[in-house]
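Participant: Mind having a look at this structure? Questions to follow.
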Amino acid sequence: MSITPGTNIPDAPPQASPIPRWIYFAFLILLGGIGYLGYTEYSAHTQLAAHAADLAKAQDQATQLSARLDQANGRIAELRGQLDVTSRHINLTQAEVAQAHSLALQDQADQKASDDKLTAQIGQVKSESDAKIGAVSNDVNGAKSDIAATKTDLEATKGKLTSAIGDVTNQGGLIARNHEELEDLKRLGERNIFDFSLGKTKTPQKVGPVQLQLTKVDTKHYRYSVLVVADDKQIEKKDKTVDELMQFYVRGARAPYELVVFEVSKDKITGYLSTPKDVNATSPAAKPGS
């Protein structure tokens, strides 16, 4: 642009004054303070959050510890109860032990007294036994002498008796021919003896385990007839003589029954019935006429 001469040229605009340096410093200091405050607030917030977390954790631990404490207290109460019961049992056991010890001492004393009494009784029994053994020994010696004498007497008795032949077995056997010899025969004890005096009757009469009926008597020839009823049957012995050995078998007997008549009188005979020892001597006889 060209400038015409004479024209007023306007003044140049005034220039701004330069900013003082201290303002920059103040601004920087302000920024630094703001940053420091922000950092401090952040640090405090962070620490507060950490403290809050720690507090929550501590509260949780405190809750757990409280629960454990309650459990421990319950366990302590239970143990205390058990301890009380155990203490009572211990006291009771001690009393029982003392009582048992006392009873043991009493039993020991009673046992000793019993042993002493038993020893005394054994001594007394031994003395009595020795005396009894001596007496038995004397009795045995005496019995041996008696047995020997009895044996001798029986042999002598057998020598007095007469041997006769049975009408069934045709074998010999000892018989009695009178009352004296009948007593000797009984003394031998080898058979059961039933003596009788039998008259003439219309029905059989019981003699020992059988029944007998006198049917005929011949005093002149010393003969007789007799009916034997045994084992539900009748056995007739006809025209038998005095001192004759009559025999018959009954059920269950291994040896025969024997019948001997040693005396004949008017309408009456006297003698005995002999049965084996292995047969019941009181077994019922048969009914007559059966």
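The values are calculated or read from the model by the stated rules, or taken from the named source; none is laboratory data. Source: prediction; values computed, not measured. In case anyone asks, the SASA skips ligands and DNA or RNA and just uses the protein heavy atoms, side chains included. Shrake-Rupley method; radii C 1.70, N 1.55, O 1.52, S 1.80 Å.
Participant: Using the Cα gyration tensor of the stretch 178-252, with a ≥ b ≥ c the square roots of its eigenvalues, what is the shape: rounded (a/c below 1.5), prolate (a/b larger than b/c) or oblate (neither)? Walk me through the numbers on the way to the answer.
Facilitator: Working: a/c = 1.78, a/b = 1.12, b/c = 1.58.
Oblate.
Participant: Roughly how far apart, in whole Å, are the Cα centres of the stretch 167-181 and the stretch 33-83?
Facilitator: 133
Participant: Roll a 1.4 Å probe over the protein chains and send me the accessible area per residue for the stretch 13-73 in Å². Don't skip to the answer; put the middle values down first.
Facilitator: Numbers: 5750 Å² over 61 residues.
Result: 94 Å² per residue.
Participant: Can you run phi through the Karplus equation (6.51, -1.76, 1.60; θ = phi - 60°) for the stretch 203-217 and list ³J(HN,Hα) in whole Hz, with x for Gly and Pro?
Facilitator: 10, x, 10, 6, 9, x, x, 10, 10, 10, 9, 6, 10, 7, 9
Participant: Near the amide H of ALA230, under 5 Å away, which other amide H atoms are found, from residues 5 or more places off or on another chain, if H is placed in the peptide plane?
Facilitator: ILE235, ALA286
Participant: Please state the shape class of the stretch 18-104: rounded when a/c is under 1.5, otherwise prolate if a/b exceeds b/c and oblate if not, all from the C-alpha gyration tensor. Please list the in-between numbers first.
Facilitator: Details: a/c = 16.76, a/b = 7.59, b/c = 2.21.
Prolate.
Participant: What part of the accessible area of the stretch 155-221, given as a whole %, is carbon or sulfur when the probe is 1.4 angstrom? Present the calculation step by step, with values, prior to reporting the outcome.
Facilitator: Working: 1740 of 3850 Å².
Here it works out to 45 percent.
Participant: A further question follows. Check which residues have an amide H placed less than 5 Å from PHE262's amide H, if you skip close sequence neighbours.
Facilitator: ASP243, THR270, GLY271, TYR272
Participant: How high is the relative contact order of the stretch 165-217, in percent, counting Cα pairs under 8 Å that sit 6 or more residues apart?
Facilitator: On the way: 35 pairs, mean separation 10.0, N = 53.
Reported relative contact order: 19 percent.
Participant: For LEU83 and VAL97 in one chain, what is 0.36 nm times their gap in residues minus the Cα-Cα distance, to one decimal in nm? Walk me through the numbers on the way to the answer.
Facilitator: Working: separation 14, 0.36 × 14 = 5.04 nm, distance 2.01 nm.
Fully extending the segment from LEU83 to VAL97 adds 3.0 nm.
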